[in-house]
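A short worksheet on the structure shown next.
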Amino acid sequence: MPVSIVVGGQFGSEGKGKVAYEIARQHKSCVAVRVGGCNSGHTVIGPHGSPIKFQVLPTPSILPSANSVIAAGSYIDPDILYAEIQATGLTPDRLMIDENALLITPDNKEAEINANLREAIGSTNSGTGAAVISRLRRDGSAKFASEDQRLAPYICNARSFLRQRLNGGERVVIEGTQGFGLSPLHSCDYPNVTTRDTTAAGFLSETGLSPFDVDEIVMVIRAFPIRVAGNSGPLPNETDWETVTAESGYNEELVEYTTVTNNVRRVARFDAEVVKSSIEANSPSSIVLNHVDYVDAGTRSSHAHSPVTEAFVADIERQIDHPISFVGFGPSTIVPHVQNNPSAKYA
């Protein structure tokens, strides 16, 4: 089986972790790959109904049938990764860390703090950007995953492992991080961007696989896009959580916090421009629209459209000139948007 890539179509936090988990869950045997750094967190609802947050591991790592890979293009905070390994109980036969993945060092974190990046562009100060620079500098300052003895049992050539699994007929799910609007190559918001390309092509490059391996690109967007707190860049149609709560019909306050820094996210009404650009760059085979329950609170429990959400999704399809294949109601539910995808796989 070939490769599925999950990519964000806005500014991150679109629900990629939930989607990657669902794709992996549908396959009896698969490999989940996480790329990127610790400057983004993905959340998945565990088997007991509680949210589990990861900054390094892919969300399908909680599935007993899935193997997990940290790719060569990853930037690892070893303390965070080791804590996630301990929490999930992953053993070396189920987790592979590429020998060329880079460690984020205390010096990397200090460099970003001293550069005042949080104040300037809303950076998480995770050290990911400084680690990227150390790799590109080629002066011996970069530290590789193989240099941390705690990770030694998991170190391998991940590219070769993935190729063997693909040749054996297994599905590979690449869980991309952040969103297209944060790409340092393709976003129009530079310098308010992240440190790596956030397109499907960029994620694939970080794994060492071929474009010929890919048969599915799933783009994930949200009904109400967000950006991280602070001076993180333009957010068209910005509103506030009080307004979203009042218009949705929720009794309790809707508010979201960033996974890495635990700050209140900025929120906005849907804007089509960044999504249309993301479609140009990624050519998705399907699009998932999450947080539709923010339009009508009643849909979270029913897991089904109301007339209000039907009209909302139809309007988004018109704006982006592309069909929505799946919709997400709440933190764990993804259902087919039947009008456009009656035989959808990830129900």
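The values are calculated or read from the model by the stated rules, or taken from the named source; none is laboratory data. Just so we're clear, the structure is a prediction, and the values are computed from it rather than from any experiment. Note that each Cβ is placed from the backbone with ideal geometry, even for glycine, and that neighbours are counted across all protein chains shown. Each accessible area value is taken on the protein alone, full model and side chains, heavy atoms only, with ligands, DNA and RNA left out. Shrake-Rupley method; radii C 1.70, N 1.55, O 1.52, S 1.80 Å.
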What about Val295, is it in contact with a helix residue (DSSP H, G or I) (Cβ under 8 Å, 6 or more places away or on another chain), surrounded by 14 or more Cβ atoms within 10 Å (Cβ to Cβ) and closer than 28 Å to Val56 by Cα? no
Starting from residues that are open to solvent by less than 50 Å² (accessible area, probe 1.4 Å), in a helix (DSSP H, G or I) and free of Cβ contacts under 8 Å to residues at least 40 places away in the same chain, keep the ones in the range 218-265 and report whichever is nearest to Tyr294 (Cα to Cα). Thr245
Unmet criterion (only one of (1) open to solvent by 10 Å² or more (accessible area, probe 1.4 Å); (2) farther than 17 Å from Ser332 by Cα) for Ala268: (1)
Could you please give the count of residues in the range 198-209 that are open to solvent by 30 Å² or more (accessible area, probe 1.4 Å) and assigned to a loop (DSSP other than H, G, I, E, B)? 1
Selection status of Glu273, assigned to a helix (DSSP H, G or I), of a type in the set (Asp, Glu) and more than 19 Å from Ser187 (Cα to Cα): no
Among residues of the range 55-75, those that are in a strand (DSSP E or B) and either surrounded by fewer than 24 Cβ atoms within 10 Å (Cβ to Cβ) or touching a residue at least 40 places away in the same chain (Cβ under 8 Å) (or both), counted: 9
Every residue from the range 38-51 that is farther than 16 Å from Thr261 by Cα and either open to solvent by 20 Å² or more (accessible area, probe 1.4 Å) or among the basic types (Lys, Arg) (or both): Ile45, Pro47, His48, Gly49, Ser50, Pro51
Only listed residue being within 27 Å of Arg118 (Cβ to Cβ), modelled with pLDDT of 95 or more and among the polar types (S, T, N, Q), chosen from Ser277, Ser285: Ser277
For a quick check of your reading of the model, give me the residue pairs whose first member lies in the range 29-53 and is more than 17 Å from Ile85 (Cα to Cα), whose second is surrounded by fewer than 20 Cβ atoms within 10 Å (Cβ to Cβ), with beta-carbon atoms closer than 6 Å and at least 6 apart or on different chains. Ser29/Glu170; Cys30/Glu170; Ile45/Pro51; Ile45/Pro331; Ile45/Ser332
For the range 160-185: of the residues being under 27 Å from Glu119 (Cβ atoms) and out of contact with any helix residue (DSSP H, G or I) (no Cβ under 6 Å at 6 or more places or on another chain), which is most open to solvent (accessible area, probe 1.4 Å)? Leu185
Could you figure out which of (1) of a type outside the set (Phe, Trp, Tyr); (2) in contact with a Phe, Trp or Tyr (Cβ under 7 Å, 6 or more places away or on another chain); (3) in a loop (DSSP other than H, G, I, E, B) isn't true of Ile174? (3)
